[in-house]
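Peer 1: One structure, as structure tokens, below. Some questions next.
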Amino acid sequence: MKPKPSPQAKASPGLSPASAAELLRRATQARRSGEAAKAVALYERLVAEFPDSREAALSLVARGKLELSRERPGAARLAFERYLGEQPEGVLAPEARVGVAESHALDGDPSKERAAWQAVVDHHPRSVYVGKARARLEALL
């Protein structure tokens with residue numbers, strides 16, 4: 001399904017109305033400022049209020065990366081897998097598949113990690129991630 005343009009949302013209780021683009025900008029700013037909890041809350045709000053927007057799709061991968069950096073592999077994997085479920089061939093699918101693999105590595109599950117790296121190779125043989133995927137597959141033998 002192709003994401004729809006970002007409409008204006010109704011304000012949530014206690015929050016001013018914001019566009020999907022504004023929420024993504026604020027979440028990115030919070031993430032860059034080290035305010036992880038605030039960034040996660042803004043990503044969640046964005047996905048809840050604008051589920052079909054391009055920004056919501058982007059926020060899933062951004063949130064997954066943030067959760068990986070916080071060493072929260074389960075939360076990261078949920079975000080990456082949701083992106084892949086909605087946009088399996090989306091522009092960020094290679095990054096999302098790498099994120100899934102890295103989340104399994106953090107979980108210490110070599111079998112699932114291996115399968116996830118293989119998915120990167122199978123689905124994205126020309127991506128910038130294929131070398132990393134092949135090296136990790138070799139290391140997991």
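Peer 1: Within the set of pairs 6+ apart or on separate chains, which have a first residue in segment 74-86 that is modelled with pLDDT of 95 or more, a second that is not in a helix (DSSP H, G or I), and C-beta atoms under 9 Å apart?
Peer 2: A76/R70; Y83/G90; Y83/L92; L84/G90
Conditions (1) more than 27 Å from Y129 (Cβ to Cβ); (2) touching a Leu at 6+ places or on another chain (Cβ under 6 Å); (3) of a type outside the set (S, T, N, Q); (4) crowded, with 24+ Cβ neighbours inside 10 Å, marked per residue:
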| position | (1), (2), (3), (4) |
| --- | --- |
| R26 | yes, yes, yes, no |
| V47 | no, no, yes, no |
| L58 | no, no, yes, no |
| R77 | no, no, yes, yes |
| F80 | no, no, yes, yes |
| L84 | no, no, yes, no |
| E95 | no, no, yes, no |
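Peer 1: Further question: Would it be correct to say that A41 is within 18 Å of E22 (Cα to Cα) and either in contact with a Cys (Cβ under 9 Å, 6 or more places away or on another chain) or open to solvent by 20 Å² or more (accessible area, probe 1.4 Å) (or both)?
Peer 2: In short, yes.
Peer 1: Which condition breaks for V128 when tested against (1) farther than 21 Å from R54 by Cβ; (2) assigned to a helix (DSSP H, G or I)?
Peer 2: Just one mismatch for V128, condition (2).
Peer 1: Let me ask something else. So which pairs qualify, if the first residue must be in segment 112-141 and free of Cβ contacts under 8 Å to residues at least 12 places away in the same chain, the second must be open to solvent by 30 Å² or more (accessible area, probe 1.4 Å) and not in a loop (DSSP other than H, G, I, E, B), the Cβ gap must be under 9 Å, and the two must be at least 6 apart or on different chains?
Peer 2: Taking only residues 6 or more apart or on different chains, the pairs are L141/R114.
Peer 1: Continuing with the same structure: When residues of segment 112-138 are filtered for being open to solvent by 30 Å² or more (accessible area, probe 1.4 Å), among the hydrophobic types (A, V, I, L, M, F, W, C) and farther than 17 Å from L92 by Cα, how many remain?
Peer 2: Looking only at that region, the number is 2.
Peer 1: Looking only at segment 57-80, decide whether some residue is over 24 Å from A30 (Cα atoms) and out of contact with any strand residue (DSSP E or B) (no Cβ under 9 Å at 6 or more places or on another chain).
Peer 2: no
Peer 1: Quickly run through segment 93-141 and pick out the residues that are under 16 Å from A76 (Cβ atoms) and among the basic types (K, R).
Peer 2: Answer for segment 93-141, where residues must be under 16 Å from A76 (Cβ atoms) and among the basic types (K, R): R97, K112.
The values are calculated or read from the model by the stated rules, or taken from the named source; none is laboratory data. Every value quoted in this text rests on a predicted model; they were computed, and no experiment measured them. So basically every Cβ, Gly included, is an ideal-geometry build from the backbone, and we count neighbours across all protein chains shown. The area values use the complete protein model at the heavy-atom level, side chains included, leaving out ligands, DNA and RNA. Shrake-Rupley method; radii C 1.70, N 1.55, O 1.52, S 1.80 Å.
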